[in-house]
Each structure stands twice: as structure tokens, then as C-alpha cells.
Amino acid sequence: MAENAAYPCEEVQARLDDYLDQELAPEETRRMLEHLDTCADCAALCRRAYEELAEMRARMQDFQVPAALQEDILRTLAESLPNE
Ligand SMILES: [Zn+2]
């Protein structure tokens, strides 16, 4: 049996999310990389999934409270506390 047969495209694509989340065992990661090295289809899929992930993470950062607003909230909170 060829070594690549143990890790066909379906396996790679099924584990793509885990791979991008870095949740695969080192051995599986190695096999993924070997497959992606030799399979243009999976490499393109992986690249697209990675870009989507990166875009999603960038968008999630936009949802963080802006620093100026955070200062406002902290000041309001501080003013609402009774002074000793
Ligand atoms: Zn493949």
C-alpha cells in the first residue's frame, strides 16, 4: 500500500478545520503537510479555508471595545464609586 493511500484527500479535507486550529497530533500534521505538498486540490482548499479563518479572526477583533470607549466606561465606573 502506498503511504499516501493511508491519507487520502477525503481525510485531509475532513481534518482541515482541526489542522487549521492546530488540534491535530504531530504525526497527523506531518501527514497533512506531506499531502498538501503533493496535492494541489487540497492545498488550494487549505489555503482558502485558512484565508477565511484569518478574515474571520480579523473581523472578530473589530468587535472589541475601542480603547477610547473602554476609558469612558472605566471613568464612569470610577465616578460611580463612593470616594472614601
Ligand atoms: Zn488531496
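Every number in this text was worked out from the coordinates using simple rules, so none of it is lab data. As the structure is a computational prediction, the values presented were derived from the model and not from experiment. Here Cβ is always computed from backbone atoms with ideal geometry, including for glycine, and neighbour counts include all displayed protein chains.
Spit out the partnerless Cys residues in the chain, using Cβ distances under 4.7 Å as the pairing rule.
Cys9, Cys46, each lacking another Cys Cβ under 4.7 Å.
Angle between the Cα long axis of helix 67-80 and the longest principal axis of the chain, 0 to 90 degrees, nearest 10?
40 degrees
Starting from the Cα-Cα distance between Glu71 and Gln22, subtract it from 0.36 nm times their residue separation and give me the gain in nm to one decimal.
Working it through step by step, the gained length comes to 14.1 nm.
Could you go through region 30-38 in sequence order and give the Karplus-derived ³J(HN,Hα) for each residue, using 6.51 cos²θ - 1.76 cosθ + 1.60 with θ = phi - 60°, rounded to whole Hz, and x for Gly and Pro?
With the stated coefficients, region 30-38 comes to 4, 5, 4, 4, 4, 5, 4, 5, 10 Hz.
By how many degrees, between 0 and 90 and to the nearest 10, does the Cα long axis of helix 40-62 differ from the longest principal axis of the chain?
0 degrees
How high is the relative contact order of the chain, in percent, with contacts defined as C-alpha pairs under 8 Å that are six or more residues apart?
On the way: 22 pairs, mean separation 21.9, N = 84.
Relative contact order here is 26 percent.
Hey, got a sec? Which GluC sites (Glu not before Pro) in region 1-77 land in a DSSP loop and have at most 14 other Cβ atoms within 10 Å? Don't skip to the end; give the middle numbers.
Values: sites: Glu3, Glu10, Glu11, Glu23, Glu27, Glu28, Glu34, Glu51, Glu52, Glu55, Glu71; in loops: Glu23.
Passing sites in region 1-77 are Glu23.
Mind listing which chymotrypsin sites (Phe, Trp or Tyr not before Pro) in the chain are in a DSSP loop and have 15 or fewer other Cβ atoms within 10 Å?
Filter output for the chain: Phe63.
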